[in-house]
Amino acid sequence: MITLTINGLKVQVEEGTTILEAARFLGFPIPTLCHQEGLSPYGACRLCVVEIGEEPKSKLVSSCTYPAEEGLVVRTGSKRVVNARKMIIELLLASCPQSKTIQDLASAYGVRRQRFRQEHEDCILCGLCVRMCSEQMMAKAIGFRGRGKERSVGTPFDVQPDVCRLCGGCMYICPACSLRCTYNEPDKAICNACANLNPPCIQKERFNDLMCYMSPCVACEIDH
Amino acid sequence: MERLRSSEEFETLRQHLFSTIRPEIPMVVIPAGTCGQASGAEKLIRTAQREILAKKLQEKVFLRITGCHGFCEMEPSVLIEPYRTFYPELDADGMQRIIHALADGKMVEDLLYFDPSTGEKIEKQDDIPFFRHQSRLLLAKNEKVDPLNIYDYIKNGGYLAFSNVLKNIRPEAVIDEVKRSGLRGRGGAGFPTGMKWKFLADAENKNGKYIVCNADEGDPGAYMDRSLLEGNPHSIIEGMLIGAYATGTDSGVIYVRSEYPLAIKHLTVALKQARHTGLLGTDILGSGFGFDISIVKGAGAFVCGEETALMRSIEGRMGEPRQRPPFPVEKGIYGKPTLINNVETWANIPVIMTNGAEKYTGTGSINSGTKIFSLVGKIKNTGLVEVPMGTPIRKVLYEIGGGQADSTGIKAVQTGGPSGGCIPSSLFEMPISYESFAEAGSIIGSGGMIVMDENTCMIDVAKYFMNFLKDESCGKCFTCRKGTQRMHELLEDISSGKGTMEHLKLMEELAIVMKDTAMCGLGQTAPNPVLSTLKYFKDEYIAHIENKRCPAGVCKALIRFSINENCTGCGACARICPENVIMGEKKERHVIDSDRCSRCGACRSVCKFEAIDVI
């Protein structure tokens, strides 16, 4: 067992527990966008940052990837943490203003202004779908491409790979996708991964034993 | 090449090689690194070879092709050993004359280096200010060694340190020696090398460990690692051999970017020769110690210089950093403990083991040892400069670098690449050390030093680096990817005259959050160029925002060209103008139509009468 201090409370946790898990177990809220139980931690959204160590040498780390260490001092809601989160939310809001999840976050953290230029992206590249595909569905059909501004999620060469079983796991896990699947309008598709896929109902012979997670699926509704 | 089976055999080979040295015969040394070849060294080599063959001078003049010597401004140059005569900026004709003169035991005086500050000709390389003020612990070997010949390296004391370590010193004692030398990582962060080695030596793993040489040098304007790899690859191999012995490692990787084809070629040849000689592979020099090195070529992503991304790249996956801990020394390549050091760090190891830690510590005044800087930009003597730690920046810029290139004074120097910052001229008395640079808001980094004069706009500089980082951020973590994009956007606004004071405040806020929350070193240091220019050159930002003026005359949206009374009406500007917006009668003062002018500056570069002003 490892002993650490979170917000002044001394706690004991199993070895290998992350700070996020420990803090949530104690009931301290830490917002996340790219974290999901059952998928490996990734540390992409940076919303879950917490402050560790003693000032002035303290630093911010992403709690979802940082393992609990003996004697670690953690603050989940210090001024520095809140300021960082607010700025991250402001950046998110400027890029994906239509996302309900992000609007809710902004409202919860009192982010009421948005000083950056408005963009209309939907995908925040949290990587949940990529990890879902490779870790839970064992398919590795979609992945990241490019770097920096060019980074995006998709299938290799934008064609449907053979390994894709059309399980729909990527859509199921994506907070934006599952709310409004835009399959039959590829231009509006959020991550463009699903835009390359045919829904299973069209290829029933190949995939008749698979459950379809695409719900609600616009394509399905049209076909029937 | 015979495989050596013991330290004694190595010693015999050394003695034999010494006996073949013929110091009485002059040697023409031609530096032909990538930079030398680009400026015409190939031609000199061909000429020299042809002359020697044609005049049958094989026994009178020797020829050695080496890597870069560092004086890039004067390339292609030639050095004559043992007289140490230096001939700068040669052409084929000059080369021919030098060979002929050498055969007669003479010197070609009119081709010698001309010192612009004293107006005198200088014969010996070591008397030239550029070389005189340096202490070349590492770079000096580049002149002495043909990188394609392992015997050349051994002749100059190469592999002696390793052979000695292997035979006489215990691994723990090697680590202690490195610790005592005070050597710190030369790649940027400046982590104590001995301590890193100790961690790896203590890490237990039955499946093996890795040591890596990080040669993914990507900072704009920095090329010291390339020159070391091209000019003296065996010193890196020897450093890694000593490191492997000290830490009990059996595999090594050199991660080098594919943009360095010559370095890769020289490394490949060097590794092959070392294997054939029995200095790499199993049972090295009959000691039972085995170690081998492989080369991994990077595909050209800047972020792969970051250690966790580098390891992923070596494994064949996408170059993306991950959160530390676990540190590479706990969980590295394929999950095995891994030690990563920079090229220059490895090259320092044989020097330390040869001369001893005490002498090495004595070399620098604040931190120990020397550091190589690549001095580029608006400076007279561009090139590679190796100075002891603790040397004031002023000495590097003015005594070695020769001062500003044009009439305008040096305003600032940018160090450490995109992760570093700008140091203003008011701080030039500052000694070079990890701590003092950090205090000034910059870093030593891998050693890039870009000199800027009054014609450089600091907002433009910050924008350039932010543009670089925005493209080179891996994009994994949100604050780095979006932060660099937004920061670039804000700078773009300021440089195009759309900035407000609110922009500055937002930039500072964003910079702090990026520093705090980004996952890897790239994102955490990305705001440095902006923060340091904001700290030292705030007046320039304010001039852009409030007065809508660019004091350096760089930002296109904020400047205007106009022709003054110096104009003689020669018409040169009107002919070169790509927009055809310069009008005027012959021999009369011309005018520029500012509305249609694209501000390319072509007119200004052709005008011989300084008649075109930037306002």
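Annotation: B:Glu489 fulfils all but one of (1) part of a loop (DSSP other than H, G, I, E, B); (2) within 9 Å of chain A (Cβ to nearest Cβ); the unmet one is (1). Checked against (1) open to solvent by 30 Å² or more (accessible area, probe 1.4 Å); (2) within 14 Å of chain A (Cβ to nearest Cβ); (3) more than 24 Å from the chain's Cα centre (by Cα), B:Ser426 meets all criteria but (2). Taking every residue in the stretch A:84-95 that is without any contact (Cβ under 8 Å) to a residue 24 or more places away in the chain and farther than 14 Å from A:Thr32 by Cα and pairing it with any residue that is charged (D, E, K, R) and assigned to a helix (DSSP H, G or I), at least 6 positions away or on another chain, the pairs with Cβ-Cβ distances below 8 Å are A:Met87/B:Glu509. For B:Pro233, the conditions (1) touching a strand residue (DSSP E or B) at 6+ places or on another chain (Cβ under 6 Å); (2) over 21 Å from B:Ala301 (Cα atoms) are fulfilled apart from (1).
Quick grid of which residues meet (1) surrounded by 20 or more Cβ atoms within 10 Å (Cβ to Cβ); (2) among the small types (Gly, Ala, Ser):
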| site | (1), (2) |
| --- | --- |
| B:Ile242 | yes, no |
| B:Val253 | yes, no |
| B:Glu259 | no, no |
| B:Gly290 | no, yes |
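The set of residues in the stretch A:131-141 being open to solvent by 20 Å² or more (accessible area, probe 1.4 Å), touching a residue at least 40 places away in the same chain (Cβ under 8 Å) and within 14 Å of chain B (Cβ to nearest Cβ) is empty. Collect the residues in the stretch A:33-50 that are buried (at least 18 other Cβ atoms within 10 Å of the Cβ) and either within 12 Å of another protein chain (Cβ to nearest Cβ) or of a type in the set (Ser, Thr, Tyr) (or both), keeping them in residue-number order. If the condition is that a residue be buried (at least 18 other Cβ atoms within 10 Å of the Cβ) and either within 12 Å of another protein chain (Cβ to nearest Cβ) or of a type in the set (Ser, Thr, Tyr) (or both), then A:Leu33, A:Cys34, A:Pro41, A:Tyr42, A:Gly43, A:Ala44, A:Cys45, A:Arg46, A:Leu47, A:Cys48, A:Val49, A:Val50 are the ones that fit.
Go through the stretch B:161-185 and give me each residue that's in contact with a helix residue (DSSP H, G or I) (Cβ under 8 Å, 6 or more places away or on another chain), farther than 21 Å from B:Gly278 by Cβ and part of a helix (DSSP H, G or I).
B:Glu172, B:Ile175, B:Asp176, B:Glu177, B:Val178, B:Lys179, B:Arg180, B:Ser181
Can you tell me which residue within the stretch A:58-75, out of those that are within 7 Å of another protein chain (Cβ to nearest Cβ) and assigned to a loop (DSSP other than H, G, I, E, B), is most open to solvent (accessible area, probe 1.4 Å)? Checking each candidate, the answer is A:Thr65.
If the condition is being over 22 Å from the mean Cα position of the chain (by Cα) and either among the small types (Gly, Ala, Ser) or within 11 Å of another protein chain (Cβ to nearest Cβ) (or both), then the stretch A:76-91 contributes A:Ser78, A:Arg80.
Exactly one residue out of A:Ala94, A:Ala106 is open to solvent by less than 10 Å² (accessible area, probe 1.4 Å), within 9 Å of another protein chain (Cβ to nearest Cβ) and outside any strand (DSSP E or B), and it is A:Ala94.
Each row is one residue, and each column tells you yes or no for (1) open to solvent by 10 Å² or more (accessible area, probe 1.4 Å); (2) assigned to a loop (DSSP other than H, G, I, E, B); (3) among the charged types (D, E, K, R).
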| residue | (1), (2), (3) |
| --- | --- |
| B:Gly402 | yes, yes, no |
| B:Ser407 | yes, yes, no |
| B:Val413 | no, no, no |
| B:Ile444 | no, yes, no |
| B:Thr456 | yes, yes, no |
| B:Asn467 | yes, no, no |
| B:Lys470 | yes, no, yes |
| B:Cys474 | yes, yes, no |
| B:Thr479 | no, no, no |
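Only one entry in B:Ile45, B:Ile30 is surrounded by 15 or more Cβ atoms within 10 Å (Cβ to Cβ) and without any contact (Cβ under 8 Å) to a residue 40 or more places away in the chain, namely B:Ile45. Scanning the stretch A:144-153 for residues that are open to solvent by less than 20 Å² (accessible area, probe 1.4 Å) and not basic (Lys, Arg), we see that the one that is farthest from the other protein chains (Cβ to nearest Cβ) is A:Val153. Could you say whether any residue in the stretch A:7-27 is within 13 Å of chain B (Cβ to nearest Cβ), touching a helix residue (DSSP H, G or I) at 6+ places or on another chain (Cβ under 6 Å) and modelled with pLDDT under 95? No, every residue in the stretch A:7-27 fails to be within 13 Å of chain B (Cβ to nearest Cβ), touching a helix residue (DSSP H, G or I) at 6+ places or on another chain (Cβ under 6 Å) and modelled with pLDDT under 95. Counting just the residues of the stretch B:185-209 that are surrounded by fewer than 21 Cβ atoms within 10 Å (Cβ to Cβ) and of a type in the set (Phe, Trp, Tyr), which one comes out nearest to B:Gly416 (Cα to Cα)? Of everything passing the filter in the stretch B:185-209, B:Phe191 is nearest to B:Gly416 (Cα to Cα).
Got at least one residue in the stretch B:270-279 being of a type outside the set (A, V, I, L, M), open to solvent by less than 10 Å² (accessible area, probe 1.4 Å) and assigned to a loop (DSSP other than H, G, I, E, B)? Yes: one or more hits. Which residues, counting only those in the stretch B:267-320, are among the small types (Gly, Ala, Ser) and more than 24 Å from the chain's Cα centre (by Cα)? B:Ala274, B:Gly278, B:Gly281, B:Gly286, B:Ser287, B:Gly288, B:Gly290, B:Gly316, listed by residue number. For B:Ser426, the criteria (1) within 28 Å of B:Glu472 (Cβ to Cβ); (2) assigned to a helix (DSSP H, G or I) hold in every case but one, which is (1).
The residues listed here are B:Gly300, B:Gly288; of these, the one that is in a loop (DSSP other than H, G, I, E, B), touching a Gly at 6+ places or on another chain (Cβ under 9 Å) and farther than 23 Å from B:Thr354 by Cβ is B:Gly300. Listed conditions (1) closer than 19 Å to A:Leu47 by Cα; (2) more than 9 Å from every other protein chain (Cβ to nearest Cβ); (3) in contact with a strand residue (DSSP E or B) (Cβ under 8 Å, 6 or more places away or on another chain) are all met by B:Tyr536, apart from (1). Looking across the stretch B:317-371, the residues that are assigned to a loop (DSSP other than H, G, I, E, B) and away from chain A (no Cβ under 14 Å) come down to B:Pro328, B:Val329, B:Gly332, B:Lys336, B:Pro337, B:Gly356, B:Gly364, B:Ser365, B:Ile366, B:Asn367, B:Ser368, B:Gly369. Give the residues of the stretch B:492-511 that are more than 8 Å from chain A (Cβ to nearest Cβ) and either assigned to a helix (DSSP H, G or I) or open to solvent by less than 10 Å² (accessible area, probe 1.4 Å) (or both), sorted by residue number. Passing the criteria: B:Glu492, B:Asp493, B:Ile494, B:Ser495, B:Gly499, B:Met501, B:His503, B:Leu504, B:Lys505, B:Met507, B:Glu508, B:Ala511.
The values are calculated or read from the model by the stated rules, or taken from the named source; none is laboratory data. Bear in mind the structure is a predicted one, so any value in this text is a computation, not a measurement. Methodologically, a virtual Cβ is constructed for each residue, glycine included, from the backbone with ideal geometry; neighbour enumeration extends over all protein chains shown. Surface accessibility is based on the protein's heavy atoms, side chains included, excluding ligands, DNA and RNA. Shrake-Rupley method; radii C 1.70, N 1.55, O 1.52, S 1.80 Å.
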